[in-house]
Amino acid sequence: MPHVSIKRVLKSIANIYTVTFISFATYIVTSAIFVSKLGTLIEPDQQDIYIITTVLIFILIGHAPLSYLWPEKLIKNIDPELTLSGKLVAYRTAMFIRYMAMNSAGLLISITFMATGNTNQMYLQVIVLLFFLIYKPSPFKIAADLELNEGDKQKIIALW
């Protein structure tokens with residue numbers, strides 16, 4: 001692997017987070033404006049809302065562990081013998097998958113909200129938003145996830 005700048009990888013991790021977070025926020029705002037201005041995509045009755053919400057919850061129940069476990073497995077499988085930049089590149093891939101998974105959950109919730117207008121679905125958006133905030137990258141989180149030695153921790157902190 002050619003040499004990759006540690007600072008560039010850290011910046012790209014932060015940028016991936018920022019872009020996915022902004023797109024997630026855009027889903028929320030867009031769906032709220034859509035429903036308030038144009039109404040719902042369908043004219044659901046209570047039974048339709050119940051079915052759509054139940055299906056959504058089951059999809060999210062399956063989606064949540066997958067969006068956590070897959071990136072965690074990738075992080076745990078990072079070779080400890082890699083250079084710091086190599087570890088960070090592998091970590092960036094895992095975080096990209098995690099952020100895209102959370103983003104796709106937010107998109108799915110927004111679409112079902114636009115379809116039904118069920119405001120309870122916005123509570124699901126808040127839950128996904130909380131996960132976004134929990135997984136916000138920081139040098140301390142990255143160092144802990146990668147189980148870095150003290151020297152590498154200091155490099156990350158200095159370059160963040």
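If I model a spin label as a point 7 Å beyond the Cα along the Cα-Cβ vector, how far apart are those points for A158 and T18 in nm?
Label-label distance for A158 and T18, simple model: 2.4 nm.
Which of the DSSP-defined H helices in the chain satisfy a minimum axial length of 18 Å, computed from C-alpha atoms, and a minimum mean Kyte-Doolittle hydropathy of 1.0?
In the chain, the long hydrophobic H runs are 6-38, 121-134.
In nm, to one decimal, how far is the L107 label point from the E81 one, both placed 7 Å along Cα→Cβ?
With each label point 7 Å from Cα toward Cβ, the separation is 3.9 nm.
May I ask you to compute the full-extension gain from K136 to K7, defined as 0.36 nm times their residue separation minus their alpha-carbon distance, rounded to one decimal in nm?
Once the chain is fully extended between K136 and K7, it gains 44.7 nm.
Report the gain in length on full extension from F58 to N149: 0.36 nm times residue separation, minus Cα-Cα distance, nm rounded to one decimal.
Length gained between F58 and N149: 28.7 nm.
Express in nm, to one decimal, how much length is gained between V126 and Q47 on full extension, taking 0.36 nm for each residue of separation and deducting their alpha carbon distance.
Net length gain for the segment: 26.0 nm.
Placing one identical point scatterer on every Cα of the chain and ignoring solvent, what is log10 I(q)/I(0) from the Debye formula at q = 0.20 Å⁻¹?
Computed log10 I(q)/I(0) values: -1.17.
Under a point-charge model restricted to the Cβ atoms of Lys and Arg (+1) and Asp and Glu (-1), what is the dipole moment magnitude of the chain relative to its Cα centre, in debye to the nearest 20?
For this selection, approximately 620 debye.
In the chain, with Lys and Arg counted as +1 and Asp and Glu as -1 at Cβ, which of these residues, Y27, T112, W160, has the Cα nearest the positive end of the dipole, that is, farthest along it?
W160
Let me check against my output: what whole-number percent is the relative contact order of region 49-146, with C-alpha pairs under 8 Å and at least 6 apart?
Reported as a whole number, the value is 32 percent.
Please state the charge dipole magnitude for region 112-160, taken about the Cα centre, from unit charges on C-beta atoms (+1 on K and R, -1 on D and E), reported in debye and rounded to the nearest 20.
160
For the chain, report the accessible area per residue in Å² (1.4 Å probe, heavy atoms, rounded to an integer).
For the chain, the solvent-accessible area averages 58 Å² per residue.
With a 1.4 Å probe and every protein chain kept in, tell me what percent of the accessible surface of the chain is carbon plus sulfur.
Solvent-exposed carbon and sulfur of the chain make up 68 percent of the total.
Mind listing the long-range amide H neighbours of L41? Cut-off is under 5 Å, sequence gap 5 or more, other chains count too, H placed in the peptide plane at 1.01 Å from N.
Those lying under 5 Å, H to H, from L41 are A115, T116.
The values are calculated or read from the model by the stated rules, or taken from the named source; none is laboratory data. Only a predicted model underlies this, so the values are computations on that prediction, with no experimental measurement involved. For neighbour counting, all protein chains shown are included, and Cβ atoms are generated from backbone atoms with ideal geometry for every residue, glycine included. Ligands, DNA and RNA are excluded from the accessible area calculation, which covers all protein heavy atoms including side chains. Shrake-Rupley method; radii C 1.70, N 1.55, O 1.52, S 1.80 Å.
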